[in-house]
Amino acid sequence: MTVDCGDTKPDTGVDNQKHAPLLLSEDALAQALAALRALDPATIDAMMAQAGPVPLRVREPGFAGLVGIVVSQQVSVASARAIFGRIEAQYQGIAAAALHQASDPELKACGLSAPKIRTLRALAAAELHHGLDFAELARQPAEAARATLTAIHGIGPWTAEIFLLFCAGHPDAWPAGDLALQEGVRLALSLESRPDTKTLEALSARWRPWRGAAARLIWAYYGALKRAGAPIEVAG
């Protein structure tokens, strides 16, 4: 597969990101989408025409938001909500100090598996003892913020990027390992096959520092095509 990844020395967008608003409101998302159109009008206009309104999809911020993402992994939406609700009720909210002090049997009774308990303990320790600042993550370059989160036991790249996108509103977060995002880019750029994580990371350079808005648009575009019966590659 031959892929055009843009200029040989693409703008990383790091300096521009300092002036990019956090994607936590409809106005900020509209501003980011307008900036995307200026960067890549042909591709963005075609996707917007198909996608319709692009959902903002903001989730709970900070420590509680990341706990929610961890809880939701590999369980149904209903189960995740129930587990999260039991944690909130048991500890009068979702706070690092409370989870750090909770016993394994207490957390297990909430519905958490042993691996998730270890992850939440590591996450609580990162905030309480290692200076993890959730607000600061949104102001860091995307790669640095992702590296900070993935250094925590149990937090992988996808989890980190989803947190940065929907909880922190990071304007340049880009979950390149997401299969729906990969397939959406394949369709948008008329590629012969779905790009892998490394290729998708390279392709996204054209949309910096607004890749967080690009991801939202591509998901909406992918969903619209899927509903319309477009040929979608099977995940795998």
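The values are calculated or read from the model by the stated rules, or taken from the named source; none is laboratory data. For clarity, every value in this text was computed on a predicted model and none was experimentally measured. Glycine gets a Cβ as well: all are built from the backbone with ideal geometry, and neighbour counts include every protein chain shown.
A few points about this structure:
- Any hit, segment 192-209, residues being closer than 22 Å to L66 by Cα and either free of Cβ contacts under 8 Å to residues at least 60 places away in the same chain or buried (at least 24 other Cβ atoms within 10 Å of the Cβ) (or both): no
- Taking the conditions (1) small (G, A, S); (2) modelled with pLDDT of 95 or more; (3) buried (at least 22 other Cβ atoms within 10 Å of the Cβ) in turn, A142 satisfies each one other than (2).
- Verdict on E192 being modelled with pLDDT under 95 and over 17 Å from the mean Cα position of the chain (by Cα): yes
- Listed conditions (1) free of Cβ contacts under 8 Å to residues at least 40 places away in the same chain; (2) touching a Leu at 6+ places or on another chain (Cβ under 6 Å) are all met by D178, apart from (2).
- In segment 87-123, the residues that are in contact (Cβ under 8 Å) with a residue 24 or more places away in the chain and farther than 21 Å from L149 by Cβ: G93, C110, G111
- Whether a residue is modelled with pLDDT of 95 or more, of a type in the set (V, I, T), surrounded by 14 or more Cβ atoms within 10 Å (Cβ to Cβ) and assigned by TED's automatic domain parsing to the domain that holds G111 was assessed, and I83 passes this test.
- Residue identified as crowded, with 19+ Cβ neighbours inside 10 Å and either among the hydrophobic types (A, V, I, L, M, F, W, C) or within 26 Å of R227 (Cβ to Cβ) (or both) among L39, L56, L66: L66
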